[in-house]
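Heads up: the structure comes next, in structure tokens.
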Amino acid sequence: MKVTVIGLGYLGATHAVAMAELGHEVIGIEPDSQKLSSLAQGILPFHEPGLDAALPRAISSGRLKFQSEHNEASASADLHFICVGTPQTKGSDAADTSYVVAAAKELAAWIKPTAVVAGKSTVPVGTAANLKDVMDDIAGFDVHLAWNPEFLREGTALEDSLRPDRIVVGTWSQHSVDVLREVYGPIIATGTPFLELDVPTAELVKVSANAFLATKISFINAMAEVAEVSGADAVSLAKAIGYDDRIGSKFLRTGIGFGGGCLPKDIRGFVARAEELGVGSAVEFLKDVDAVNLRRRDKVVELANQELGDLAGKSITMLGISFKPDSDDLRDSPALEIAQRLTALGATVTVHDPVSLNSLATRSPELSREENLIEAARGAELTILGTEWKLYREVDPQELAAVVKAKTIIDGRNVLDVAKWQAADWRVIALGRNVHNG
Ligand code: UDX
């Protein structure tokens, strides 16, 4: 099939490559000239394992092309995917849908009557209905608009796109269902469930899935708060409750909490939308989910204060700065916010991260960056593990012990082998755990 993918951020770039891998002819449309030229050269403008190799492969197959705006070539496509961002609105909790609206309007001026538009962006429920009115007006016919949320995770984005747990489509026409069934044919053929829903339900599936995941993480982090004052251990607790398969063990990792470009802004946007619809109280609990999550960041700052007293002039090393491993995404990263707050309190924070130091230089240049792990730790009076990159789990604590000024580490992700670190004479402070340091 001939498809376009509009907006080439994490979601769009991954989706465009995935569509090319499935054998479709894809035109990626991205107005940002820097992003576009990087992608056109086969260079991913962000870190995403697997996608970096698949992008040049898709380009050299001739099935993936890029352009900055619509033209006759893109207008002849059978299916258009809208993948632009819906960030949190500045000064409000609501999702900013202006990029989606702009993309829909531009497309409506070019689209052919038989083409289907599939929105993949995460939007507040009700957005698609408004978009359809706007598009119908501009196009002068009944546009086949559908909503087709995407559930990919950063770090495993391509794999998640090609082998999703389910495909969700919300449609107003059988033609949209048929076209979407065709484009995802190879994935459906492997037994992946294809759910045909109404449009508001499809819009809600995405935000409610993210709200559930965020709630699960905050639940265990709330238990960590209780564990911290009662001598219990939240990691063992998570393991024990996770054996109940009604609860499940996934997404119960306690630590400094969730961040990234999705979960935090999606729960806030969900609350804002529910309030607009007059049912704010139904999802009021998500405010607590957000608050529990943010309190974990406060906790680390508090622990740093307890350990070091006045933070002015103190050297702190932050191991990992991205919001999760295998990603260089710093959006709403818990580790980044902690590093910034410690810096604001007068500490000198040196950051190590295997892939995110370039993005850090742009986003938070006040933090010092060090590419060599041992050098990053040299002279540290406190070390904090902020992102659970594999290399931190595997590092030899003896080696780090030899260069730091004080052998104290806060394990913000509960991934270190505490006994091994203690054997190397480290004081280990683990969130939600009752660790006895000799
Ligand atoms: C999320 C959803 O998982 C995905 O389905 C959706 O499409 C986009 O949003 P992503 O933002 O890539 O994906 O990250 P995810 O793996 O969900 O992790 C989010 C955050 O939660 C990370 O900061 C992670 O460190 C944290 N987390 C995750 C925990 O703190 N504990 C856990 O048990 C799991």
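The values are calculated or read from the model by the stated rules, or taken from the named source; none is laboratory data. Keep in mind that this is a model prediction, so the values were computed, not measured. Neighbour counts run over all protein chains shown; Cβ positions are idealised from the backbone, glycine included. Areas reflect the complete protein model, heavy atoms only, side chains present, ligands, DNA and RNA absent. Shrake-Rupley method; radii C 1.70, N 1.55, O 1.52, S 1.80 Å.
Among the residues of the stretch 192-243, those that are open to solvent by 20 Å² or more (accessible area, probe 1.4 Å), of a type in the set (A, V, I, L, M, F, W, C) and within 20 Å of residue 81 (Cβ to Cβ) comprise 194, 195, 197, 204, 205, 209. The single residue among 203, 196 that is part of a helix (DSSP H, G or I) and in contact with a helix residue (DSSP H, G or I) (Cβ under 9 Å, 6 or more places away or on another chain) turns out to be 203.
Of everything in the stretch 86-118 that is within 18 Å of the chain's Cα centre (by Cα) and among the aliphatic types (A, V, I, L, M), the residue that is farthest from residue 145 (Cα to Cα) is 94.
Could we say that residue 231 is out of contact with any strand residue (DSSP E or B) (no Cβ under 7 Å at 6 or more places or on another chain) and on the phi > 0 side of the Ramachandran plot here?
Values: out of contact with any strand residue (DSSP E or B) (no Cβ under 7 Å at 6 or more places or on another chain): yes; on the phi > 0 side of the Ramachandran plot: yes.
So residue 231 passes the test.
The single condition from (1) open to solvent by 70 Å² or more (accessible area, probe 1.4 Å); (2) in contact with a Pro (Cβ under 9 Å, 6 or more places away or on another chain) that residue 189 fails is (2).
Please indicate, with yes or no, whether at least one residue in the stretch 172-183 is touching a residue at least 12 places away in the same chain (Cβ under 8 Å), within 16 Å of the ligand (Cβ to nearest atom) and surrounded by fewer than 18 Cβ atoms within 10 Å (Cβ to Cβ). If you could, list the steps in order and put the result at the bottom.
Residues of the stretch 172-183 touching a residue at least 12 places away in the same chain (Cβ under 8 Å): 172-173, 175-177, 179-183.
From what's left, within 16 Å of the ligand (Cβ to nearest atom): none.
No - not one qualifying residue is present in the stretch 172-183.
Taken over the stretch 125-157, the criterion of being open to solvent by less than 30 Å² (accessible area, probe 1.4 Å) and within 16 Å of the ligand (Cβ to nearest atom) is satisfied by 147, 148, 149, 150, 154, 155, 157. Restricting to the stretch 210-242, give me the number of residues that are more than 16 Å from the ligand (Cβ to nearest atom) and more than 21 Å from residue 412 (Cα to Cα). Counting residues in the stretch 210-242 that are more than 16 Å from the ligand (Cβ to nearest atom) and more than 21 Å from residue 412 (Cα to Cα) gives 0. If you filter the stretch 247-263 down to residues that are closer than 12 Å to residue 217 by Cα and within 6 Å of the ligand (Cβ to nearest atom), you find that the one that is surrounded by the fewest Cβ atoms within 10 Å (Cβ to Cβ) is 251.
Among the residues making up the stretch 154-181, those that are under 28 Å from residue 132 (Cβ atoms) and assigned to a loop (DSSP other than H, G, I, E, B) are 164, 165, 166, 172, 173.
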